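K.L.:
First the structure, then my questions, so here it is.
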Amino acid sequence: MSDGDPLLAGQVNTSRSTTIRSAGPEPTLTLDNDQGPALRLVPSSDYEFTPGPGTLAPNQTGLTVTHTVGEGKPTATTNILSSGNGYMPVATPPTRVLDTRTAAGRARLIDGRGDIDSQGRAVGGAFFVINLGGLVRSAQGLFATVTATKTAGSGYATVWGTGEWPGTSTLNWWDKGQVLSNGVLSECGWYEVNGTTYNDVVAVYVSAPAGIVLDVTGFLVPDPLYVAATAARSASAVSPRAAAKATATSRRPEHKLVRP
Amino acid sequence: MSNPKGADRRAFLKRGGAVAAGAAVTGAVVASPAAADPGDAVILGAGTSAGDATTSLRPSEPGQQMLALENTEGPALRLAPTPGSAFPAVYSSEPGTVLVDQVGDMWNRSADGQQWGWVWSTAWAQTSVSIDPVRALDTRTAEGRQAIVSDRSALDSAGRLRGGQSIVVSLDAYVTAGQSVKANLTAVDTTGGGYLTVWGSGPRPTASSLNWWAAGQVLSAFVFVPLGASGAFRSVVAIHANTATHVLLDVTSFVVAHPSQVKVGDQPPAPPGLALRAAAGAPEIHSNQEDSE
């Protein structure tokens, strides 16, 4: 096969660029396969190639499309946002995932149960790891309200999700007997304890004695399907998305939460 | 174009319903019935079947774009939906595979073959749109109370939200069928230690959005809350106080399927036929629920 020959169905055709033009309301080209996918774009290894406007191509995280940003301007290539490369904010009904004052409020703790005093307060230097399993999967981050209560003096709490303690504060107080809250947006990570790996966790560090409450209000996820409270509303039962496995966001080593 | 073999065995279908292989690469072929054996020429303006074979376009020189489709009056390319029966077998398709499923979601396997992704759709995905802050609620003034769409008996004579009471606030003036809201919640003129809970659908959760510990305080916190629907109002939140306080809600952002849903600021227009997610149910106001900060 070479330039000028007809395109042969079911064959490998080798040529320079082929253009098909039409001028009607129907698609110029329809690809139809009732047994499988209709199109495959073979990844290119030629990175010197400057694609023309409208070029659709795969990359490591999904699909790219090339466009012009103005007449006479060079082309630009953008990544199409998908479950493989983006995160969206999804609010949930507020859910209490930590309350050091009650047994029920400590149920999600997978580390730090020994850092709570007899009055239900975090001790100074407490480190809590909270398992978010059942609420979300593969969360990149979370929205929450963190509250300090029964404070014994000045102090602060830090909420974070990956790596070591970041050396920052999320909520500060300055006296005993205070009750204070703050909104927080934090990464989520994974954590290993006693040989078990927990894929969706968040941590709280507390510098001085205080009761600590964490109410989750939302998550950053690739798809609302990953949030238990919104899954049913975000896909019909016949949608293949609903049955798809979570291949988009496997946990990487750098997402590991580390005890201070 | 000449047809080297067997043109008489193919039926010619409607103009424009053409067929062929996919761009810089493959694509299982075909439109409708007209059967042809692999190796037959693809006819412009007709349907051609390649059976179960893949039709591939490959460059004769590196760096060439393989296929350009141009239509000055309509769409250039259509991928007929892949039937549900093809799942999950399609997961093993080669890297670079692109398909549209039967509910309209576009899937693709990344170039390295490590993951499948589905392109975000306004039918289920959502995006965050920031706005200049707007004061949606201020119980201290009559104007600030206009967005309250529930029973005003939850307010005392000074306009404060009573302890143990809840109100429903409509944000429909700022957004059309929004998914959630980001805002700054403030308690003013507190009458004792207490808390506020903001929620958007279903019964009041055991959670707090803002806490304080004495009378006469002014405190704020950022909140992120799902929006619910109540009667004719499609974007509402409920606010509960366990002790009497004035309440302010300053909205800074909405989460929506498409920015055109936000009525504040310079947002892009809605595309024709925009499909949106359904709103959540109405918040259930139960003022006799047990209080817990």
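The values are calculated or read from the model by the stated rules, or taken from the named source; none is laboratory data. Note that the coordinates shown come from a computational prediction; the quantities given were computed from them, not determined experimentally. Note that each Cβ is placed from the backbone with ideal geometry, even for glycine, and that neighbours are counted across all protein chains shown. Ligands, DNA and RNA are excluded from the accessible area calculation, which covers all protein heavy atoms including side chains. Shrake-Rupley method; radii C 1.70, N 1.55, O 1.52, S 1.80 Å.
K.L.:
What number goes with the only condition from (1) open to solvent by 70 Å² or more (accessible area, probe 1.4 Å); (2) more than 7 Å from chain B (Cβ to nearest Cβ) that A:VAL65 does not pass?
P.N.:
A:VAL65 satisfies every listed condition except (1).
K.L.:
Assess whether B:ALA125 counts as being facing another protein chain (nearest Cβ under 8 Å), farther than 30 Å from B:GLY178 by Cβ, open to solvent by less than 20 Å² (accessible area, probe 1.4 Å) and in contact (Cβ under 8 Å) with a residue 40 or more places away in the chain.
P.N.:
No: the conditions fail for B:ALA125.
K.L.:
Would a scan of segment A:23-32 turn up a residue that is open to solvent by 40 Å² or more (accessible area, probe 1.4 Å) and more than 7 Å from every other protein chain (Cβ to nearest Cβ)?
P.N.:
Taking every residue of segment A:23-32 in turn, none turns out to be open to solvent by 40 Å² or more (accessible area, probe 1.4 Å) and more than 7 Å from every other protein chain (Cβ to nearest Cβ).
K.L.:
Related question: Of the residues that sit in segment A:79-98 and are assigned to a strand (DSSP E or B) and open to solvent by 40 Å² or more (accessible area, probe 1.4 Å), which one is modelled with the lowest pLDDT?
P.N.:
Looking at the filtered set, the residue picked out is A:ASN79.
K.L.:
To continue, here is another question. From the set of residues in segment B:203-214 that are more than 18 Å from A:THR151 (Cβ to Cβ) and in contact (Cβ under 8 Å) with a residue 12 or more places away in the chain, which is surrounded by the most Cβ atoms within 10 Å (Cβ to Cβ)?
P.N.:
The qualifying residue surrounded by the most Cβ atoms within 10 Å (Cβ to Cβ) is B:SER209.
K.L.:
Right, here's the next one. Are there any pairs with C-beta distances below 7 angstrom linking a residue in segment B:263-274 that is more than 24 Å from B:ALA136 (Cβ to Cβ) to a residue that is part of a loop (DSSP other than H, G, I, E, B), with the two at least 6 apart or on different chains, and if so which?
P.N.:
Once the first residue is more than 24 Å from B:ALA136 (Cβ to Cβ) and sits in segment B:263-274, its partners that are part of a loop (DSSP other than H, G, I, E, B) give B:LEU274/B:THR122; B:LEU274/B:HIS258.
K.L.:
Exactly one of these conditions fails for B:SER170: (1) crowded, with 24+ Cβ neighbours inside 10 Å; (2) among the hydroxyl-bearing types (Ser, Thr, Tyr); (3) closer than 19 Å to B:ASP151 by Cβ. Give me its number.
P.N.:
Condition not satisfied by B:SER170: (1).
K.L.:
If I filter segment A:53-78 down to residues being more than 25 Å from the chain's Cα centre (by Cα) and among the β-branched types (Val, Ile, Thr), which single residue comes out as modelled with the lowest pLDDT?
P.N.:
That would be A:VAL69.
K.L.:
I'm trying to understand the selection: among the residues of segment B:239-275, which are open to solvent by 30 Å² or more (accessible area, probe 1.4 Å) and acidic (Asp, Glu)?
P.N.:
Passing the criteria: only B:ASP266.
K.L.:
Same structure, new question: Looking at segment A:245-254, is at least one residue in a strand (DSSP E or B) and either surrounded by fewer than 22 Cβ atoms within 10 Å (Cβ to Cβ) or within 15 Å of the chain's Cα centre (by Cα) (or both)?
P.N.:
Within segment A:245-254, none of the residues are in a strand (DSSP E or B) and either surrounded by fewer than 22 Cβ atoms within 10 Å (Cβ to Cβ) or within 15 Å of the chain's Cα centre (by Cα) (or both).
K.L.:
Across segment B:71-120, which residue is farthest from the other protein chains (Cβ to nearest Cβ) among those that are open to solvent by 60 Å² or more (accessible area, probe 1.4 Å) and part of a helix (DSSP H, G or I)?
P.N.:
Out of the qualifying residues, it is B:SER92.
K.L.:
Shifting gears a bit: Which one of these is farther than 30 Å from B:VAL218 by Cβ, away from chain B (no Cβ under 12 Å) and in contact (Cβ under 8 Å) with a residue 12 or more places away in the chain: A:THR162, A:THR158, A:THR230?
P.N.:
A:THR162
K.L.:
From the residues in segment B:179-202 that are more than 9 Å from chain A (Cβ to nearest Cβ) and open to solvent by 30 Å² or more (accessible area, probe 1.4 Å), which one is farthest from B:HIS258 (Cα to Cα)?
P.N.:
Within segment B:179-202, the match that is farthest from B:HIS258 (Cα to Cα) is B:THR191.
K.L.:
Which number in (1) in contact with a Lys or Arg (Cβ under 9 Å, 6 or more places away or on another chain); (2) in contact (Cβ under 8 Å) with a residue 60 or more places away in the chain; (3) open to solvent by less than 50 Å² (accessible area, probe 1.4 Å) marks the one condition that A:ARG101 misses?
P.N.:
(3)
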